[in-house]
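Below you'll find the structure, written out as structure tokens, and then a few comments.
The values are calculated or read from the model by the stated rules, or taken from the named source; none is laboratory data. Values in this document were obtained by computation on a predicted structure and should not be read as measured data. A quick note on method: Cβ atoms are made from the backbone with ideal geometry, for glycine too, and the neighbour counts reach across all protein chains shown. Just so you know, the surface numbers come from the protein's heavy atoms only, side chains and all, with ligands and any DNA or RNA stripped out. Shrake-Rupley method; radii C 1.70, N 1.55, O 1.52, S 1.80 Å.
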Amino acid sequence: MANSKPEPKKLFIKTYGCQMNVYDSERMAEAMGGAGYVETKSPDDADMILLNTCHIREKAAEKVYSELGRFRKLKNENPDLKIGVAGCVAQAEGEEIMRRQPLVDLVVGPQSYHKLPQLEAKARSGEKALDTDFPIEDKFEILKKRPKAKRAPAAFLTVQEGCDKFCAFCVVPYTRGAEVSRPAPRILDEAQNLVERGVREITLLGQNVNAYHGAGPGGNAWSLAELIWALNDIDGLERIRFTTSHPNDMSEDLIEAHGTCEKLMPYLHLPVQSGSDHILKRMNRKHTAESYLRLIRKIREARPDILMSGDFIVGFPEETEEDFQATLDLVEEVKYGYAYSFKYSTRPGTPAAERAQVDEDEKSERLQRLQSLITRQQREIQDAMVGKTVNVLFEKPGRLTGQMVGKSDYLHAVHVADAKVEIGDIARVEITDSAANSLAGRIKAA
Ligand code: 5AD
Ligand code: SF4
């Protein structure tokens with residue numbers, strides 16, 4: 001029986017990896033909305049499954065292949081189901097994915113999402129569809145619509161993509177390409193649209209976000225600080241964050257903004273990767289442990305209560321126990337509120353892949369030592385919040401009746417029982433308790 005209006009097709013997107021992939025998945029869903037798709041939360045009833053993948057470490061890529069294998073049953077049950085791989089594994093492996101996993105109909109790299117509807121149509125016609133070009137045209141511009149749907153209060157906004165730094169361990173310069181900054185007026189327009197849809201906090205995203213140098217309204221390049229100051233003027237936008245930064249791009253104006261820009265939150269993710277100068281040199285980081293520590297002192301002069309966050313790699317080729325000890329010393333000195341640490345993972349095609357590798361057990365042992373130090377430090381910083389009053393942006397109901405959960409200025413998760421606040425409210429909360437991964441508190445009367 002023919003329907004007068006076709007049922008929308010269902011799209012299931014699974015996102016791996018960083019926040020930029022979260023942002024890209026939202027844009028892919030919007031692009032496919034134009035092709036008659038609505039999102040579904042389960043792969044079981046989907047007409048199309050898209051895996052938005054991460055290639056940063058070996059395990060991340062392997063997970064994609066094992067996940068794909070699990071879709072065989074669904075594809076047997078529904079031969080019309082189309083399966084696509086997007087993101088950095090798509091970019092790095094291209095056609096190889098279809099050879100290794102013939103279930104895959106479509107492969108699309110991170111710079112080609114605006115072409116998804118065409119690729120989907122091609123896949124529907126029974127052909128394999130692939131696009132991993134780095135096109136000249138601006139995918140953001142082509143994806144740009146002015147959607148109206150209500151949004152959660154905290155949103156990501158990609159302002160910069162790609163990386164020119166070529167750290168010796170990292171695939172990003174190869175999968176995401178060279179640094180590109182979006183023009184400031186388009187970012188401000190997108191931010192304004194987000195605010196109209198209920199957003200109160202925006203996290204500016206970029207692989208190297210503080211190297212941002214997009215064209216301002218007059219054509220001159222704006223720094224990230226200039227962009228932040230312009231966002232600061234948007235009524236209704238209350239909080240601005242940015243991630244991820246490289247120490248060498250922490251310009252004076254950005255450091256100063258941390259002290260003077262009211263909406264810029266006191267939280268900074270500034271990866272250092274290692275505390276050993278020898279390893280930093282071999283990583284091609286172009287800074288030393290001391291220059292990083294000096295930078296942090298300067299940032300703290302501008303904003304004494306800033307909460308620092310970082311990334312670390314243990315077991316980078318040639319790392320000795322002494323090098324590793326230097327990393328522990330640096331962590332002790334900085335005192336991180338959050339830190340993410342990883343075992344070095346060999347990425348084919350990157351310079352470090354060719355070098356003498358550290359024994360796997362040694363890497364595991366170092367990771368464990370580093371993580372226990374980081375966990376202790378994080379906990380101390382979190383526990384020290386007890387008794388303080390912080391601003392909390394409420395994002396969702398908690399598990400208990402009447403409970404609401406939000407984030408403090410410092411990005412700590414905060415639970416409040418019987419909160420009597422709405423999603424999107426910002427309230428003063430007195431912190432009363434600190435648990436493993438979150439704080440608890442009570443609303444302070446105004
Ligand atoms: N092995 C382990 N960790 C890595 N990272 C990037 N490349 C690798 C790799 N080959 C980590 C870095 C980076 C974070 C996003 O991932 O710490 O800051
Ligand atoms: Fe990778 Fe970051 Fe280094 Fe760029 S700066 S190569 S994204 S680790």
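Within the range 168-196, the set of residues being open to solvent by less than 20 Å² (accessible area, probe 1.4 Å), away from ligand 2 (no atom under 16 Å from the Cβ) and outside any helix (DSSP H, G or I) comprises ARG182 only.
Tell me the residue from ILE374, ILE431 that is open to solvent by less than 20 Å² (accessible area, probe 1.4 Å), within 16 Å of ligand 1 (Cβ to nearest atom) and closer than 20 Å to TYR267 by Cα, please.
Details: ILE431 fails: within 16 Å of ligand 1 (Cβ to nearest atom).
None of the other options fit; the residue is ILE374.
The set of residues in the range 318-371 being within 25 Å of HIS412 (Cα to Cα), open to solvent by 70 Å² or more (accessible area, probe 1.4 Å) and within 14 Å of ligand 1 (Cβ to nearest atom) consists of TYR340, GLN371. The set of residues in the range 403-428 that are over 27 Å from the mean Cα position of the chain (by Cα) and surrounded by 19 or more Cβ atoms within 10 Å (Cβ to Cβ) contains only ALA419.
The set of residues in the range 59-77 being open to solvent by 100 Å² or more (accessible area, probe 1.4 Å) and either more than 10 Å from VAL89 (Cβ to Cβ) or over 26 Å from the mean Cα position of the chain (by Cα) (or both) consists of LYS59, ARG70, ARG72, LYS73, ASN76, GLU77. For the range 93-108, a residue qualifies if it is among the hydrophobic types (A, V, I, L, M, F, W, C) and crowded, with 21+ Cβ neighbours inside 10 Å, and the qualifying residues are ILE97, VAL104, LEU106, VAL107, VAL108.
The rows are residues; the columns are (1) closer than 22 Å to VAL331 by Cβ; (2) in contact (Cβ under 8 Å) with a residue 40 or more places away in the chain; (3) open to solvent by 50 Å² or more (accessible area, probe 1.4 Å); (4) not polar (S, T, N, Q).
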| site | (1), (2), (3), (4) |
| --- | --- |
| ARG241 | no, yes, no, yes |
| PRO247 | yes, yes, no, yes |
| MET265 | no, yes, no, yes |
| SER276 | yes, yes, no, no |
| LYS298 | yes, yes, yes, yes |
| ILE306 | yes, yes, no, yes |
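Of the residues GLU380, GLU319, GLU301, which single one is among the acidic types (Asp, Glu), more than 22 Å from THR243 (Cβ to Cβ) and part of a helix (DSSP H, G or I)? Result of the check over GLU380, GLU319, GLU301: GLU380.
Within the range 39-58, track down each residue that is under 30 Å from GLY315 (Cα atoms) and either crowded, with 24+ Cβ neighbours inside 10 Å or free of Cβ contacts under 8 Å to residues at least 60 places away in the same chain (or both). Quick ask: steps written out before the conclusion?
If we filter the range 39-58 for residues that are under 30 Å from GLY315 (Cα atoms), which is where we start, we get 51-58.
Hits for the range 39-58 are LEU51, ASN52, THR53, CYS54.
The residue pairs whose first member lies in the range 74-90 and is more than 16 Å from ASP47 (Cβ to Cβ), whose second member is small (Gly, Ala, Ser), and whose beta carbons are closer than 6 Å, counting only pairs six or more residues apart or on different chains, are VAL89/ALA61; ALA90/GLY109. The set of residues in the range 197-209 being closer than 25 Å to GLU252 by Cβ and surrounded by fewer than 24 Cβ atoms within 10 Å (Cβ to Cβ) consists of THR203, LEU204, LEU205, ASN208.
If you check LEU237, LEU231, which single one turns out to be closer than 19 Å to ALA184 by Cβ, out of contact with any Phe, Trp or Tyr (no Cβ under 6 Å at 6 or more places or on another chain), buried (at least 20 other Cβ atoms within 10 Å of the Cβ) and modelled with pLDDT of 95 or more? I'd like the intermediate steps shown before the answer.
Working: LEU237 fails: buried (at least 20 other Cβ atoms within 10 Å of the Cβ).
Checking each option against the conditions leaves just LEU231.
For CYS261, the criteria (1) away from ligand 2 (no atom under 16 Å from the Cβ); (2) crowded, with 20+ Cβ neighbours inside 10 Å; (3) assigned by TED's automatic domain parsing to the domain that holds PRO153; (4) not charged (D, E, K, R) hold in every case but one, which is (2).
Out of ARG186, ARG176, ARG241, ARG197, report the one residue that is away from ligand 1 (no atom under 15 Å from the Cβ) and in contact with a helix residue (DSSP H, G or I) (Cβ under 9 Å, 6 or more places away or on another chain). After ruling out the rest, the residue left standing is ARG186.
Just checking, how many residues over the range 131-148 are open to solvent by 40 Å² or more (accessible area, probe 1.4 Å) and modelled with pLDDT of 85 or more? Steps first, answer last, please.
Start the filter on the range 131-148 by keeping residues that are open to solvent by 40 Å² or more (accessible area, probe 1.4 Å), which leaves 133-134, 136-138, 141-142, 144-146, 148.
From what is left, the residues that are modelled with pLDDT of 85 or more are 133.
Number of matching residues: 1.
Taken as a whole, the condition of being open to solvent by 60 Å² or more (accessible area, probe 1.4 Å) and either more than 16 Å from TYR336 (Cβ to Cβ) or in contact with a His (Cβ under 7 Å, 6 or more places away or on another chain) (or both) does not apply to LEU439.
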